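Derivation of every value follows stated rules applied to the coordinates shown; laboratory data play no part. Worth saying up front: this structure is predicted, and the values here are computed from it rather than measured. Positions of Cβ are backbone-derived with ideal geometry, glycine not excepted, and every protein chain shown enters the neighbour counts.
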Amino acid sequence: MSKCVLIADDQAEVREWVADILRELGRATVETGRADQVLPLIQEMGDALSMVLLDLDFGQGQMGGMDALRQVREAGCQIPVVILTGKGSVRAAVEALKAGATDFIEKDAHVEDTLAAALSRVERFAQVVAENRRLREELRGVQEIVGESPAMREVLAQIERLGPVPRPVLVVGERGTGKELVARALHENSPRREGPFIAVNCAAIPDGLLECELFGQEENAFDGAPFKEGRFDRADGGTLFLDEVGNMGPEFQRKILRAIEYHSFERVQGTETIRVDVRVIAATNADLQAAIRQGAFRADLYDRLAFDTIRIPPIRERTEDIDSLARHFARRFHEEVAGVPVLEFTDAALTAMRAAPWPGNVRELKNFVERLATRLSEPRVEAAHVNSFLQPGGQAAAASSADPGVGPFASRVEAFEHSLLTTALDAAGGNRRKAAAALELSYDQLRRLLAKHHIGSP
Ligand SMILES: Nc1ncnc2c1ncn2[C@@H]1O[C@H](COP(=O)(O)OP(=O)(O)OP(=O)(O)O)[C@@H](O)[C@H]1O
Ligand SMILES: [Mg+2]
């Protein structure tokens with residue numbers, strides 16, 4: 001997707017001149033001759049816009065660039081705004097920087113070079129900001145929950161309502177619907193957010209070891225076993241996430257029940273009663289009611305865990321979210337992996353995606369989008385691509401398992417980057433600036449990628 005630059009200048013010939021330069025640099029543009037149109041255009045275009053080039057003087061009786069800039073910042077828009085100044089108005093540009101402009105450039109004979117430099121500064125900055133955000137989120141385990149369907153809005157409302165309540169919550173949903181994401185969001189929405197979030201996958205730990213894992217073990221002089229801290233201990237002051245809670249044996253369910261009810265437990269081999277301040281969130285894709293009827297799950301444990309229940313519907317029941325989820329994963333993947341373009345989904349492609357069954361739900365959709373991004377030679381996704389990737393036995397069908405013929409994910413991404421670079425260079429006759437423009441990369445980004453892949457000499 002070509003991110004667009006908004007050119008706001010009252011003189012049509014300046015707009016044209018700057019637009020030409022930007023086109024040379026491989027950027028799309030939108031233009032306006034009026035300062036009062038800047039904020040509405042930014043709001044209308046949203047993410048499609050990467051920066052604004054703003055003139056200061058829009059002529060007698062017209063709103064000026066400074067006012068437009070203030071409007072933009074007052075509206076909370078963080079988009080980079082680069083001021084275009086005439087000769088000798090550096091003072092005004094400095095004012096603009098104080099009012100929140102990102103940079104300024106003079107409209108003179110060197111504008112081509114200064115504009116290219118400003119673009120790459122701004123884009124590098126935007127990349128750093130995106131990368132920072134990703135790392136910060138990763139560090140905290142926080143991720144945005146995407147979805148505007150009524151069902152997901154209800155889930156978000158429940159997270160807000162239940163987050164601060166110091167009682168257990170049971171999160172239910174099919175595999176890949178976002179149960180862990182919701183559990184983390186509950187933690188983030190609670191006063192415990194600075195405390196630990198400790199996850200335990202009850203299905204992955206054998207029943208016999210679960211007790212030691214959760215409650216810890218006192219040092220045993222007799223058989224020499226060392227002291228081990230349990231996850232209940234580690235979650236003190238925070239949240240304990242019991243994932244796949246339907247998989248615990250009956251004896252263990254009794255112990256968990258007591259720990260949840262009284263916030264206390266004994267370590268294995270221990271006699272002392274340990275008290276902790278832990279909020280429990282549990283998740284399952286099993287039908288616990290059926291398990292209760294079959295005697296496999298304790299009804300009283302269910303009652304404790306399900307103080308309140310958040311039910312996340314499968315994707316097929318909220319197909320209206322597919323659009324925003326697909327765009328979200330495409331954008332994140334682009335931010336995460338250098339050289340991967342942001343996919344654009346045609347209406348027909350989205351229709352095909354809405355008709356697909358998605359048994360692996362959001363996780364399957366995410367894998368599908370990332371696989372498309374690494375395999376397609378251009379960012380536009382057509383219905384035919386979707387259908388071929390969704391065919392039985394096709395890529396989406398293999399989504400949750402490894403794809404043995406193609407090798408691990410990282411090396412496929414590497415190979416794809418390499419082929420993007422060599423193809424673009426060939427097409428540009430070896431001209432790096434042209435290749436960078438064609439790939440919509442800054443010259444520096446291209447250089448770094450070429451160095452990484454040992455293509456050409458520096
Ligand atoms: N609404 C959403 N918005 C953005 N990302 C989502 C959403 N729902 C799920 N995801 C992403 O999909 C993936 C699967 O989510 P998660 O691990 O929370 O699912 P789960 O229900 O716990 O799956 P499983 O049953 O397999 O354990 C994660 O990468 C998660 O970030
Ligand atoms: Mg999970």
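Some notes on this structure:
- Modelled FRET efficiency - R0 41 Å, Asp108 with Ala151, Cβ distances, 0.05 increments: 0.15
- Label-point separation, Gln289 to Val94 (7 Å along Cα→Cβ), nm: 7.2
- Compared with the direct C-alpha span, the chain from Arg167 to Glu344 gains 59.5 nm at full extension, assuming 0.36 nm per residue.
- Interchain or long-range residues, amide H under 5 Å from Ala199's placed H: Phe241
- The calculated FRET efficiency for Ser377 paired with Glu160, based on their beta-carbon distance and R0 = 45 Å, is about 0.55.
- Farthest toward positive dipole pole in region 33-98 [+1 Lys/Arg, -1 Asp/Glu at C-beta], among Ala92, Ile79, Gly64: Ala92
- Two-decimal ratio, the chain, of alpha-carbon radius of gyration to 2.2 N^0.38 Å: 1.22
- Computed from phi, the 3J(HN,Hα) profile of region 145-159 under the Karplus parametrisation 6.51, -1.76, 1.60 (θ = phi - 60°) reads 9, 9, x, 10, 5, x, 5, 6, 4, 5, 4, 5, 5, 5, 4 Hz, with x in place of Gly and Pro.
- Sparse-neighbourhood loop sites, GluC sites (Glu not before Pro) in region 222-254 - DSSP loop, at most 13 other Cβ within 10 angstrom: Glu229
- Lys3-Glu218 FRET efficiency (beta carbon distance; Förster radius 56 Å; 0.05 resolution): 0.40
- Averaging Cα coordinates gives a centre for region 80-108 and one for region 128-203; these two points are 42 Å apart.
- Charge context of Gly208, other residues only, Cβ under 14 angstrom, K/R +1, D/E -1: -3
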